[in-house]
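A.B. asks: Take a look at this one; I'll ask things after.
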Amino acid sequence: MLTMVEMNVRIPLDFDKEEAERLKASEKERFQELQRAGKWRHIWRVAGHYANVSIFDVVSNAELHDVLTSLPLYPFMEMKVTPLCRHPSSIHNDDR
Ligand SMILES: O=C(O)CC1=CCC(=O)O1
């Protein structure tokens, strides 16, 4: 099932800079692992914000929950989750 997730990252200004860089590096590693596994299908930066719009492909809401809460930056993210379904006019066979 495809799900759009809008993520806003809010690391407090007084948060330790080295720890923030470590978390960002871990986030990138986990993100690339989930991309390779086909779970995190797309990501776009929201221009002008420390935010992204992403598309996940998971088998259940429980899996989505596990994936999202596994992100190293999860404690610093606000998320909006929107379920998606195939548009009847789509020409893409992998939309589901
Ligand atoms: O930069 C972001 O929006 C947060 C993030 C998601 C995947 C990643 O590597 O960083």
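The values are calculated or read from the model by the stated rules, or taken from the named source; none is laboratory data. This is a predicted model, so every value here is computed, not measured. When the accessible area is computed, the model is the full protein with side chains, heavy atoms only, and any ligands, DNA or RNA have been set aside. Shrake-Rupley method; radii C 1.70, N 1.55, O 1.52, S 1.80 Å.
A.B. asks: Using the C-alpha gyration tensor of region 2-83, what are the square roots of 5 times its eigenvalues, in whole angstrom, with the largest one first?
C.D. replies: 22, 14, 12
A.B. asks: Determine the share of region 2-83's accessible area contributed by carbon and sulfur atoms, expressed in whole percent, with a 1.4 angstrom probe.
C.D. replies: Carbon and sulfur atoms account for 54 percent of the accessible area of region 2-83.
A.B. asks: Also: Can you give the accessible area per residue of the chain, in Å², using a 1.4 Å probe?
C.D. replies: 68
A.B. asks: While we're looking at this one, here's another question. Between the helical axis of 17-36 and the dominant principal axis of the chain, each derived from Cα atoms, what acute angle in degrees is found, rounded to the nearest 10?
C.D. replies: 20
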